[in-house]
Amino acid sequence: MSTRNPHMTESQTRRSEDDLRAALASLEQLAPSRESVLGPRTRPRRRAAARLRVVAAAACMLAVAAAVVELSTHTATTPGRTDTHPALQQAILTAFDSAAGMVLESRATVSGDGTVTGRTVSWMGPTLPRPGTTVRYRFVSTTPGGHPRSELSELYTARRPDFSGLGARFVGSGGVTRRITTVNYSTRTWTSRPTRQDAIVSLADDPALLRREVALGLWRVSGHVTIDGRPALELVWKASPATGAWPVGSPGRNGALRRTLWVDAHTYLPIRQRIQLGSGSPGPFFAVTADYRLLPPTPANLAMLQPVIPRGFTRTHGPHGAVPLPVSPFL
Amino acid sequence: MTEPRVTFEAFLEAELGSLLRFAAVLTGDAGLAEDVLQEVLFRATARWDSIGRMDQPRGYVRRMIVNEYLSWRRRSWRSVPAGTGEDVSDRQAPDIGAEVVQRHALLAELARLPGRQRAVIVLRYYEGLPDAEVAHVLGCRPATVRGYAARALAALRVDSAAPRPRRQLRTEAGTCPPGTPT
(Lines give C-alpha, C1' and ligand atoms only; values in the text may rest on other atoms or scores of the structure.)
Protein backbone atom coordinates (compact mmCIF):
# COMPACT_ATOMS: atom_id res chain seq x y z
CA MET A 1 0.00 0.00 0.00
CA SER A 2 1.07 3.56 -0.54
CA THR A 3 2.55 5.39 2.39
CA ARG A 4 0.81 8.68 2.79
CA ASN A 5 -0.29 10.92 5.60
CA PRO A 6 -2.48 14.03 5.53
CA HIS A 7 0.53 16.30 5.74
CA MET A 8 2.22 14.85 2.69
CA THR A 9 1.76 16.40 -0.71
CA GLU A 10 1.02 14.36 -3.80
CA SER A 11 4.62 14.73 -4.90
CA GLN A 12 5.81 13.10 -1.68
CA THR A 13 3.63 9.99 -1.96
CA ARG A 14 5.67 6.81 -2.03
CA ARG A 15 4.39 3.69 -3.73
CA SER A 16 5.23 0.03 -3.58
CA GLU A 17 5.88 -2.36 -6.41
CA ASP A 18 2.50 -3.93 -5.65
CA ASP A 19 0.86 -0.53 -6.22
CA LEU A 20 2.59 -0.43 -9.58
CA ARG A 21 1.51 -3.95 -10.50
CA ALA A 22 -2.08 -3.18 -9.54
CA ALA A 23 -2.09 0.00 -11.58
CA LEU A 24 -0.71 -1.81 -14.62
CA ALA A 25 -3.24 -4.61 -14.25
CA SER A 26 -6.05 -2.06 -14.14
CA LEU A 27 -5.12 -1.07 -17.70
CA GLU A 28 -6.25 -4.48 -18.92
CA GLN A 29 -9.76 -3.05 -19.09
CA LEU A 30 -8.57 -0.99 -22.05
CA ALA A 31 -7.86 -4.11 -24.08
CA PRO A 32 -9.60 -3.84 -27.46
CA SER A 33 -11.99 -6.54 -28.52
CA ARG A 34 -10.86 -9.46 -30.64
CA GLU A 35 -13.30 -8.35 -33.32
CA SER A 36 -11.87 -4.87 -33.52
CA VAL A 37 -8.40 -6.22 -34.18
CA LEU A 38 -9.31 -9.16 -36.39
CA GLY A 39 -12.09 -7.46 -38.34
CA PRO A 40 -12.17 -7.72 -42.12
CA ARG A 41 -9.86 -4.83 -42.86
CA THR A 42 -6.65 -4.40 -44.68
CA ARG A 43 -3.65 -2.34 -43.84
CA PRO A 44 -4.77 1.00 -42.36
CA ARG A 45 -2.62 3.21 -44.60
CA ARG A 46 -4.17 1.68 -47.68
CA ARG A 47 -7.62 2.37 -46.33
CA ALA A 48 -6.99 5.93 -45.23
CA ALA A 49 -8.58 7.63 -48.23
CA ALA A 50 -11.74 5.55 -48.06
CA ARG A 51 -12.08 6.16 -44.34
CA LEU A 52 -11.74 9.89 -44.74
CA ARG A 53 -14.46 9.86 -47.38
CA VAL A 54 -16.83 8.09 -44.99
CA VAL A 55 -16.10 10.49 -42.17
CA ALA A 56 -16.53 13.44 -44.51
CA ALA A 57 -19.93 12.07 -45.47
CA ALA A 58 -20.90 11.91 -41.79
CA ALA A 59 -19.80 15.49 -41.27
CA CYS A 60 -21.79 16.63 -44.30
CA MET A 61 -24.94 14.99 -42.98
CA LEU A 62 -24.58 16.88 -39.73
CA ALA A 63 -23.92 20.15 -41.51
CA VAL A 64 -26.90 19.75 -43.81
CA ALA A 65 -29.17 18.97 -40.89
CA ALA A 66 -28.12 22.20 -39.23
CA ALA A 67 -28.35 24.25 -42.40
CA VAL A 68 -31.99 23.39 -43.06
CA VAL A 69 -33.05 24.94 -39.80
CA GLU A 70 -34.85 28.15 -40.51
CA LEU A 71 -33.74 30.71 -38.04
CA SER A 72 -36.00 33.24 -36.45
CA THR A 73 -36.24 35.37 -33.39
CA HIS A 74 -37.06 33.65 -30.17
CA THR A 75 -39.28 35.27 -27.54
CA ALA A 76 -38.02 33.73 -24.36
CA THR A 77 -38.69 34.88 -20.86
CA THR A 78 -36.76 38.06 -20.27
CA PRO A 79 -34.05 37.41 -17.73
CA GLY A 80 -33.85 39.46 -14.58
CA ARG A 81 -30.92 41.43 -13.38
CA THR A 82 -27.50 40.54 -14.58
CA ASP A 83 -24.47 40.14 -12.41
CA THR A 84 -20.98 39.86 -13.78
CA HIS A 85 -19.05 40.25 -10.56
CA PRO A 86 -15.47 39.18 -11.28
CA ALA A 87 -15.30 37.14 -8.09
CA LEU A 88 -18.31 35.08 -9.13
CA GLN A 89 -16.90 34.60 -12.60
CA GLN A 90 -13.62 33.45 -11.08
CA ALA A 91 -15.43 31.08 -8.72
CA ILE A 92 -17.16 29.39 -11.64
CA LEU A 93 -13.89 29.06 -13.54
CA THR A 94 -12.17 27.63 -10.47
CA ALA A 95 -14.98 25.12 -10.02
CA PHE A 96 -14.68 24.02 -13.65
CA ASP A 97 -10.93 23.63 -13.25
CA SER A 98 -11.34 21.55 -10.11
CA ALA A 99 -13.36 19.04 -12.12
CA ALA A 100 -10.90 18.90 -15.01
CA GLY A 101 -9.92 15.26 -14.50
CA MET A 102 -13.42 13.95 -13.97
CA VAL A 103 -15.84 12.33 -16.37
CA LEU A 104 -18.76 14.49 -17.52
CA GLU A 105 -22.04 12.67 -17.97
CA SER A 106 -24.71 14.54 -19.90
CA ARG A 107 -28.27 13.26 -20.22
CA ALA A 108 -30.33 15.33 -22.60
CA THR A 109 -33.84 15.54 -23.92
CA VAL A 110 -34.20 16.72 -27.50
CA SER A 111 -37.38 18.54 -28.52
CA GLY A 112 -38.55 19.62 -31.92
CA ASP A 113 -41.65 21.66 -32.63
CA GLY A 114 -43.11 20.99 -29.23
CA THR A 115 -42.62 17.27 -28.96
CA VAL A 116 -39.82 15.16 -27.57
CA THR A 117 -38.00 13.68 -30.54
CA GLY A 118 -35.28 11.82 -28.76
CA ARG A 119 -32.92 11.53 -25.86
CA THR A 120 -29.16 11.41 -25.66
CA VAL A 121 -26.59 10.44 -23.11
CA SER A 122 -22.93 11.20 -23.43
CA TRP A 123 -19.73 10.88 -21.49
CA MET A 124 -16.55 12.91 -21.87
CA GLY A 125 -13.28 12.41 -20.10
CA PRO A 126 -11.31 14.25 -19.04
CA THR A 127 -13.86 17.01 -18.64
CA LEU A 128 -11.40 19.83 -19.26
CA PRO A 129 -8.44 18.41 -21.18
CA ARG A 130 -5.21 20.26 -21.57
CA PRO A 131 -4.27 20.95 -25.21
CA GLY A 132 -2.39 18.00 -26.62
CA THR A 133 -3.93 15.43 -24.33
CA THR A 134 -6.29 12.70 -25.39
CA VAL A 135 -10.04 12.96 -24.84
CA ARG A 136 -12.68 10.31 -25.11
CA TYR A 137 -16.22 11.27 -26.02
CA ARG A 138 -19.09 8.84 -26.36
CA PHE A 139 -22.51 10.01 -27.51
CA VAL A 140 -25.52 7.69 -27.56
CA SER A 141 -28.86 8.75 -29.00
CA THR A 142 -32.10 6.95 -28.25
CA THR A 143 -35.76 7.19 -29.07
CA PRO A 144 -37.99 9.08 -26.62
CA GLY A 145 -38.72 5.70 -25.10
CA GLY A 146 -35.07 4.95 -24.54
CA HIS A 147 -34.34 2.50 -27.35
CA PRO A 148 -30.85 3.12 -28.79
CA ARG A 149 -30.61 4.61 -32.27
CA SER A 150 -26.95 5.27 -32.75
CA GLU A 151 -23.68 5.75 -31.02
CA LEU A 152 -20.65 7.84 -31.84
CA SER A 153 -17.38 7.51 -29.99
CA GLU A 154 -14.31 9.59 -30.57
CA LEU A 155 -10.74 9.56 -29.44
CA TYR A 156 -9.41 13.02 -30.08
CA THR A 157 -6.46 15.20 -29.27
CA ALA A 158 -7.59 18.32 -27.48
CA ARG A 159 -6.63 21.77 -28.62
CA ARG A 160 -7.44 25.17 -27.15
CA PRO A 161 -11.20 25.55 -27.56
CA ASP A 162 -12.27 27.95 -30.25
CA PHE A 163 -15.46 28.88 -32.05
CA SER A 164 -14.49 27.65 -35.50
CA GLY A 165 -17.03 24.82 -35.58
CA LEU A 166 -19.98 26.96 -34.59
CA GLY A 167 -20.82 28.66 -37.87
CA ALA A 168 -23.37 26.58 -39.72
CA ARG A 169 -23.50 23.81 -37.14
CA PHE A 170 -22.91 23.52 -33.44
CA VAL A 171 -20.23 20.92 -33.08
CA GLY A 172 -16.52 20.56 -33.27
CA SER A 173 -14.73 23.12 -31.16
CA GLY A 174 -11.96 21.58 -29.23
CA GLY A 175 -9.86 18.97 -30.93
CA VAL A 176 -8.74 16.78 -33.79
CA THR A 177 -10.20 13.30 -33.90
CA ARG A 178 -7.78 10.38 -34.15
CA ARG A 179 -10.34 7.60 -34.19
CA ILE A 180 -14.08 7.58 -34.65
CA THR A 181 -16.37 4.64 -33.97
CA THR A 182 -20.03 4.64 -34.90
CA VAL A 183 -22.86 2.21 -34.33
CA ASN A 184 -26.11 2.27 -36.27
CA TYR A 185 -28.84 0.30 -34.55
CA SER A 186 -31.27 0.51 -37.46
CA THR A 187 -28.87 -1.23 -39.83
CA ARG A 188 -27.14 -3.23 -37.08
CA THR A 189 -23.76 -2.10 -38.36
CA TRP A 190 -20.73 -0.37 -36.95
CA THR A 191 -17.51 1.25 -38.11
CA SER A 192 -14.24 2.18 -36.51
CA ARG A 193 -11.51 4.03 -38.29
CA PRO A 194 -8.64 6.42 -37.76
CA THR A 195 -9.19 9.91 -39.08
CA ARG A 196 -8.02 13.51 -38.92
CA GLN A 197 -10.96 15.87 -38.64
CA ASP A 198 -12.40 18.32 -36.17
CA ALA A 199 -13.85 16.55 -33.20
CA ILE A 200 -17.63 16.22 -33.29
CA VAL A 201 -18.87 17.29 -29.88
CA SER A 202 -22.41 18.43 -29.12
CA LEU A 203 -22.70 22.03 -28.06
CA ALA A 204 -24.49 20.76 -24.97
CA ASP A 205 -21.54 18.54 -24.04
CA ASP A 206 -18.58 20.85 -24.47
CA PRO A 207 -17.32 22.00 -21.07
CA ALA A 208 -14.07 23.37 -22.48
CA LEU A 209 -16.04 25.72 -24.72
CA LEU A 210 -18.37 26.56 -21.86
CA ARG A 211 -15.45 27.46 -19.66
CA ARG A 212 -13.99 29.71 -22.32
CA GLU A 213 -17.33 31.45 -22.76
CA VAL A 214 -17.49 32.08 -19.00
CA ALA A 215 -13.97 33.49 -19.12
CA LEU A 216 -14.98 35.79 -21.97
CA GLY A 217 -17.94 37.06 -19.98
CA LEU A 218 -20.59 35.62 -22.28
CA TRP A 219 -22.63 34.29 -19.36
CA ARG A 220 -24.48 36.63 -17.01
CA VAL A 221 -26.26 35.63 -13.80
CA SER A 222 -29.99 36.18 -14.12
CA GLY A 223 -31.30 34.83 -10.86
CA HIS A 224 -31.39 32.24 -8.11
CA VAL A 225 -33.53 29.15 -8.57
CA THR A 226 -33.90 25.64 -7.21
CA ILE A 227 -33.28 22.65 -9.45
CA ASP A 228 -34.19 19.22 -8.12
CA GLY A 229 -34.01 20.65 -4.63
CA ARG A 230 -30.57 22.17 -5.12
CA PRO A 231 -30.01 25.92 -4.91
CA ALA A 232 -28.66 27.07 -8.24
CA LEU A 233 -27.60 30.19 -10.08
CA GLU A 234 -29.23 30.76 -13.44
CA LEU A 235 -27.07 32.26 -16.14
CA VAL A 236 -28.08 33.46 -19.59
CA TRP A 237 -25.81 33.59 -22.59
CA LYS A 238 -25.20 36.28 -25.10
CA ALA A 239 -22.44 36.29 -27.69
CA SER A 240 -20.87 39.70 -27.73
CA PRO A 241 -19.30 40.90 -30.97
CA ALA A 242 -16.54 42.53 -28.97
CA THR A 243 -15.24 39.20 -27.75
CA GLY A 244 -14.89 37.69 -31.19
CA ALA A 245 -16.83 34.69 -29.97
CA TRP A 246 -19.01 32.87 -32.51
CA PRO A 247 -18.67 33.65 -36.22
CA VAL A 248 -20.43 36.69 -37.62
CA GLY A 249 -23.74 35.65 -39.21
CA SER A 250 -24.04 32.49 -37.16
CA PRO A 251 -27.15 31.85 -35.06
CA GLY A 252 -25.06 32.58 -32.02
CA ARG A 253 -24.61 36.15 -33.18
CA ASN A 254 -28.01 36.91 -34.72
CA GLY A 255 -30.18 36.15 -31.72
CA ALA A 256 -31.64 32.85 -32.93
CA LEU A 257 -29.81 30.85 -30.30
CA ARG A 258 -30.86 31.02 -26.67
CA ARG A 259 -28.93 29.28 -23.94
CA THR A 260 -29.44 29.05 -20.20
CA LEU A 261 -26.99 27.49 -17.78
CA TRP A 262 -27.59 26.54 -14.19
CA VAL A 263 -24.68 26.05 -11.81
CA ASP A 264 -24.78 24.75 -8.26
CA ALA A 265 -25.01 27.72 -5.87
CA HIS A 266 -22.47 26.15 -3.51
CA THR A 267 -19.95 24.42 -5.77
CA TYR A 268 -20.51 26.50 -8.94
CA LEU A 269 -20.33 23.32 -11.00
CA PRO A 270 -22.72 23.03 -13.96
CA ILE A 271 -26.01 21.27 -13.31
CA ARG A 272 -28.04 21.85 -16.45
CA GLN A 273 -28.00 23.68 -19.76
CA ARG A 274 -30.89 24.44 -22.07
CA ILE A 275 -30.22 25.35 -25.68
CA GLN A 276 -32.97 26.62 -27.97
CA LEU A 277 -32.76 27.32 -31.66
CA GLY A 278 -35.56 29.12 -33.47
CA SER A 279 -38.91 30.15 -32.08
CA GLY A 280 -41.41 27.95 -33.85
CA SER A 281 -43.47 30.95 -34.92
CA PRO A 282 -42.81 30.67 -37.75
CA GLY A 283 -40.20 28.04 -38.49
CA PRO A 284 -38.78 25.06 -36.70
CA PHE A 285 -37.94 25.02 -33.07
CA PHE A 286 -35.33 22.81 -31.50
CA ALA A 287 -34.38 22.57 -27.88
CA VAL A 288 -31.97 20.46 -25.90
CA THR A 289 -32.00 20.29 -22.14
CA ALA A 290 -28.95 18.54 -20.74
CA ASP A 291 -28.49 17.49 -17.12
CA TYR A 292 -24.89 17.14 -16.02
CA ARG A 293 -23.16 14.90 -13.55
CA LEU A 294 -19.45 14.99 -12.83
CA LEU A 295 -18.24 11.50 -12.10
CA PRO A 296 -15.00 10.45 -10.45
CA PRO A 297 -12.59 8.72 -12.82
CA THR A 298 -13.18 5.26 -11.41
CA PRO A 299 -12.66 2.25 -13.67
CA ALA A 300 -16.44 1.85 -13.95
CA ASN A 301 -16.95 5.46 -15.02
CA LEU A 302 -13.98 5.42 -17.39
CA ALA A 303 -15.48 2.32 -18.97
CA MET A 304 -18.49 4.42 -19.99
CA LEU A 305 -16.19 6.26 -22.40
CA GLN A 306 -15.54 3.12 -24.40
CA PRO A 307 -17.70 2.35 -27.43
CA VAL A 308 -20.14 -0.52 -27.07
CA ILE A 309 -20.72 -2.75 -30.07
CA PRO A 310 -23.74 -5.00 -29.58
CA ARG A 311 -23.21 -8.68 -30.26
CA GLY A 312 -24.18 -9.67 -33.76
CA PHE A 313 -23.68 -6.25 -35.36
CA THR A 314 -21.70 -6.22 -38.59
CA ARG A 315 -18.65 -4.12 -39.15
CA THR A 316 -18.77 -2.12 -42.36
CA HIS A 317 -16.16 -0.10 -44.21
CA GLY A 318 -18.00 1.48 -47.11
CA PRO A 319 -19.33 5.02 -47.40
CA HIS A 320 -22.83 3.77 -46.59
CA GLY A 321 -21.77 2.18 -43.35
CA ALA A 322 -22.86 2.78 -39.82
CA VAL A 323 -23.11 6.55 -39.89
CA PRO A 324 -25.44 7.70 -37.11
CA LEU A 325 -28.24 10.04 -38.01
CA PRO A 326 -28.16 13.43 -36.34
CA VAL A 327 -30.86 13.85 -33.73
CA SER A 328 -30.77 17.63 -33.57
CA PRO A 329 -28.77 20.57 -34.90
CA PHE A 330 -26.62 20.12 -31.82
CA LEU A 331 -25.58 16.61 -32.94
CA MET B 1 10.63 -25.98 -46.61
CA THR B 2 9.27 -27.10 -43.25
CA GLU B 3 5.79 -26.26 -42.12
CA PRO B 4 5.29 -23.85 -39.16
CA ARG B 5 4.97 -25.64 -35.84
CA VAL B 6 1.82 -23.69 -35.13
CA THR B 7 -0.58 -22.12 -37.55
CA PHE B 8 -1.38 -18.43 -37.32
CA GLU B 9 -4.99 -19.25 -36.52
CA ALA B 10 -4.01 -21.58 -33.69
CA PHE B 11 -1.59 -18.98 -32.37
CA LEU B 12 -4.33 -16.36 -32.28
CA GLU B 13 -6.72 -18.73 -30.61
CA ALA B 14 -4.21 -19.39 -27.85
CA GLU B 15 -2.52 -16.04 -27.44
CA LEU B 16 -4.72 -13.23 -28.73
CA GLY B 17 -6.39 -12.59 -25.39
CA SER B 18 -3.13 -12.10 -23.56
CA LEU B 19 -1.69 -10.03 -26.42
CA LEU B 20 -4.73 -7.75 -26.33
CA ARG B 21 -4.22 -7.18 -22.64
CA PHE B 22 -0.48 -6.71 -23.02
CA ALA B 23 -0.95 -4.14 -25.77
CA ALA B 24 -3.50 -2.27 -23.64
CA VAL B 25 -1.23 -2.18 -20.60
CA LEU B 26 1.79 -1.22 -22.68
CA THR B 27 0.08 1.64 -24.47
CA GLY B 28 -2.44 2.70 -21.83
CA ASP B 29 -4.81 3.54 -24.66
CA ALA B 30 -7.46 1.26 -26.14
CA GLY B 31 -7.38 2.84 -29.58
CA LEU B 32 -3.62 2.79 -29.80
CA ALA B 33 -3.52 -0.79 -28.52
CA GLU B 34 -5.90 -1.77 -31.31
CA ASP B 35 -3.83 0.02 -33.94
CA VAL B 36 -0.53 -1.36 -32.70
CA LEU B 37 -1.76 -4.93 -32.44
CA GLN B 38 -3.53 -4.79 -35.77
CA GLU B 39 -0.40 -3.51 -37.48
CA VAL B 40 1.75 -6.15 -35.83
CA LEU B 41 -0.61 -9.01 -36.65
CA PHE B 42 -0.84 -7.83 -40.22
CA ARG B 43 2.93 -8.02 -40.55
CA ALA B 44 3.09 -11.27 -38.62
CA THR B 45 0.73 -13.00 -41.03
CA ALA B 46 3.00 -12.10 -43.93
CA ARG B 47 5.97 -13.66 -42.17
CA TRP B 48 4.27 -16.47 -40.35
CA ASP B 49 6.22 -19.14 -42.19
CA SER B 50 9.29 -18.11 -40.24
CA ILE B 51 7.65 -16.87 -37.05
CA GLY B 52 5.60 -20.03 -36.70
CA ARG B 53 8.74 -22.14 -36.69
CA MET B 54 10.25 -20.28 -33.75
CA ASP B 55 10.42 -21.83 -30.29
CA GLN B 56 8.47 -18.93 -28.81
CA PRO B 57 6.39 -17.14 -31.40
CA ARG B 58 4.55 -15.27 -28.64
CA GLY B 59 7.80 -13.77 -27.42
CA TYR B 60 8.64 -12.64 -30.93
CA VAL B 61 5.22 -11.11 -31.50
CA ARG B 62 5.43 -9.42 -28.11
CA ARG B 63 8.75 -7.96 -29.20
CA MET B 64 7.10 -6.71 -32.41
CA ILE B 65 4.39 -5.05 -30.32
CA VAL B 66 6.95 -3.29 -28.13
CA ASN B 67 8.87 -2.06 -31.17
CA GLU B 68 5.71 -0.87 -32.91
CA TYR B 69 4.68 0.97 -29.74
CA LEU B 70 8.10 2.59 -29.41
CA SER B 71 8.01 3.60 -33.06
CA TRP B 72 4.60 5.20 -32.51
CA ARG B 73 5.92 7.06 -29.48
CA ARG B 74 8.74 8.47 -31.58
CA ARG B 75 6.25 9.63 -34.19
CA SER B 76 3.67 11.02 -31.78
CA TRP B 77 5.54 12.09 -28.69
CA ARG B 78 3.10 14.90 -27.98
CA SER B 79 0.15 12.61 -27.36
CA VAL B 80 -0.38 11.18 -23.91
CA PRO B 81 -3.31 9.17 -22.60
CA ALA B 82 -6.30 10.91 -21.08
CA GLY B 83 -6.55 12.20 -17.58
CA THR B 84 -3.99 13.44 -15.13
CA GLY B 85 -5.58 12.69 -11.80
CA GLU B 86 -3.93 15.82 -10.45
CA ASP B 87 -6.89 18.02 -11.12
CA VAL B 88 -9.37 16.01 -9.10
CA SER B 89 -10.45 18.05 -6.13
CA ASP B 90 -11.33 16.29 -2.90
CA ARG B 91 -13.72 19.13 -2.14
CA GLN B 92 -15.64 18.63 -5.36
CA ALA B 93 -15.50 14.87 -5.37
CA PRO B 94 -15.77 13.61 -1.82
CA ASP B 95 -16.88 10.17 -2.97
CA ILE B 96 -13.66 9.33 -4.74
CA GLY B 97 -11.79 6.59 -2.97
CA ALA B 98 -8.25 7.60 -2.14
CA GLU B 99 -6.91 4.42 -3.64
CA VAL B 100 -8.60 5.11 -6.97
CA VAL B 101 -7.29 8.66 -7.03
CA GLN B 102 -3.76 7.53 -6.24
CA ARG B 103 -3.88 4.82 -8.86
CA HIS B 104 -5.15 7.29 -11.41
CA ALA B 105 -2.28 9.62 -10.55
CA LEU B 106 0.19 6.77 -10.87
CA LEU B 107 -1.19 5.85 -14.30
CA ALA B 108 -0.91 9.47 -15.38
CA GLU B 109 2.73 9.58 -14.30
CA LEU B 110 3.31 6.25 -16.03
CA ALA B 111 1.94 7.75 -19.22
CA ARG B 112 4.49 10.54 -19.05
CA LEU B 113 7.47 8.16 -18.91
CA PRO B 114 9.65 7.94 -22.01
CA GLY B 115 8.62 5.02 -24.19
CA ARG B 116 11.51 2.70 -23.37
CA GLN B 117 11.20 3.29 -19.64
CA ARG B 118 7.51 2.49 -19.81
CA ALA B 119 8.21 -0.63 -21.86
CA VAL B 120 10.72 -1.81 -19.26
CA ILE B 121 8.24 -1.23 -16.44
CA VAL B 122 5.45 -3.09 -18.26
CA LEU B 123 7.67 -6.01 -19.25
CA ARG B 124 9.11 -6.30 -15.75
CA TYR B 125 6.07 -5.70 -13.58
CA TYR B 126 3.17 -6.77 -15.82
CA GLU B 127 4.73 -9.52 -17.88
CA GLY B 128 6.99 -10.55 -14.99
CA LEU B 129 10.04 -10.96 -17.17
CA PRO B 130 13.54 -11.03 -15.67
CA ASP B 131 15.80 -8.23 -16.76
CA ALA B 132 17.70 -10.52 -19.13
CA GLU B 133 14.52 -11.25 -21.07
CA VAL B 134 13.46 -7.62 -21.01
CA ALA B 135 16.85 -6.82 -22.50
CA HIS B 136 16.28 -9.42 -25.19
CA VAL B 137 12.90 -7.92 -26.09
CA LEU B 138 14.36 -4.43 -26.30
CA GLY B 139 17.59 -5.52 -27.95
CA CYS B 140 19.93 -4.11 -25.33
CA ARG B 141 21.99 -5.21 -22.33
CA PRO B 142 20.52 -6.12 -18.92
CA ALA B 143 22.49 -3.30 -17.35
CA THR B 144 20.75 -0.89 -19.67
CA VAL B 145 17.41 -2.30 -18.64
CA ARG B 146 18.27 -1.81 -14.98
CA GLY B 147 19.19 1.79 -15.72
CA TYR B 148 15.86 2.43 -17.41
CA ALA B 149 14.01 0.72 -14.57
CA ALA B 150 15.83 2.71 -11.88
CA ARG B 151 15.02 6.00 -13.52
CA ALA B 152 11.40 5.03 -14.12
CA LEU B 153 10.88 3.83 -10.55
CA ALA B 154 12.45 7.02 -9.25
CA ALA B 155 10.15 9.11 -11.41
CA LEU B 156 7.13 7.12 -10.23
CA ARG B 157 8.33 7.23 -6.60
CA VAL B 158 8.07 3.47 -6.35
CA ASP B 159 10.11 1.82 -3.62
CA SER B 160 11.76 -1.30 -4.94
CA ALA B 161 11.24 -4.27 -2.62
CA ALA B 162 14.67 -5.65 -3.33
CA PRO B 163 17.12 -2.82 -3.90
CA ARG B 164 19.73 -3.66 -6.47
CA PRO B 165 23.44 -3.11 -5.94
CA ARG B 166 24.34 0.53 -6.24
CA ARG B 167 26.90 -0.08 -8.93
CA GLN B 168 24.14 -1.54 -11.10
CA LEU B 169 21.85 1.39 -10.50
CA ARG B 170 24.58 3.76 -11.55
CA THR B 171 25.13 1.94 -14.81
CA GLU B 172 24.72 4.28 -17.70
CA ALA B 173 21.72 3.25 -19.73
CA GLY B 174 23.26 4.00 -23.06
CA THR B 175 21.15 3.50 -26.12
CA CYS B 176 19.17 0.43 -26.97
CA PRO B 177 19.39 -0.27 -30.65
CA PRO B 178 16.04 -0.61 -32.33
CA GLY B 179 14.75 -4.12 -32.00
CA THR B 180 15.06 -6.48 -34.90
CA PRO B 181 11.39 -7.41 -35.35
CA THR B 182 9.46 -4.76 -37.19
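With respect to A:Glu151, is the statement that it is crowded, with 16+ Cβ neighbours inside 10 Å and outside any strand (DSSP E or B) true?
no
Please note which helices (runs of 4 or more DSSP H) are completely contained in segment B:2-56 and include at least 3 residues that are over 27 Å from A:Pro307 (Cβ atoms) and touching a Pro at 6+ places or on another chain (Cβ under 9 Å).
By residue number, B:48-51.
When segment A:188-222 is examined, which residues are found to be basic (Lys, Arg) and in a loop (DSSP other than H, G, I, E, B)?
Scanning segment A:188-222 gives a single hit, A:Arg188.
Can you tell me which residue in segment B:27-75 is nearest to the other protein chains (Cβ to nearest Cβ), limited to those that are hydroxyl-bearing (Ser, Thr, Tyr) and either farther than 23 Å from A:Ser26 by Cβ or surrounded by fewer than 19 Cβ atoms within 10 Å (Cβ to Cβ) (or both)?
B:Thr45
Could you pull out the residue among B:Pro130, B:Pro94, B:Pro81 that is open to solvent by 20 Å² or more (accessible area, probe 1.4 Å), modelled with pLDDT of 90 or more and of a type outside the set (Ser, Thr, Tyr)? Step through it out loud before you land on a result.
Numbers: B:Pro94 fails: modelled with pLDDT of 90 or more; B:Pro81 fails: modelled with pLDDT of 90 or more.
Result of the check over B:Pro130, B:Pro94, B:Pro81: B:Pro130.
Quick check, is A:Thr109 crowded, with 16+ Cβ neighbours inside 10 Å, within 14 Å of chain B (Cβ to nearest Cβ), assigned to a strand (DSSP E or B) and out of contact with any helix residue (DSSP H, G or I) (no Cβ under 8 Å at 6 or more places or on another chain)?
no
The values are calculated or read from the model by the stated rules, or taken from the named source; none is laboratory data. Keep in mind that what you see is a predicted model, and the values were worked out from it rather than measured. Note that each Cβ is placed from the backbone with ideal geometry, even for glycine, and that neighbours are counted across all protein chains shown. Each accessible area value is taken on the protein alone, full model and side chains, heavy atoms only, with ligands, DNA and RNA left out. Shrake-Rupley method; radii C 1.70, N 1.55, O 1.52, S 1.80 Å.
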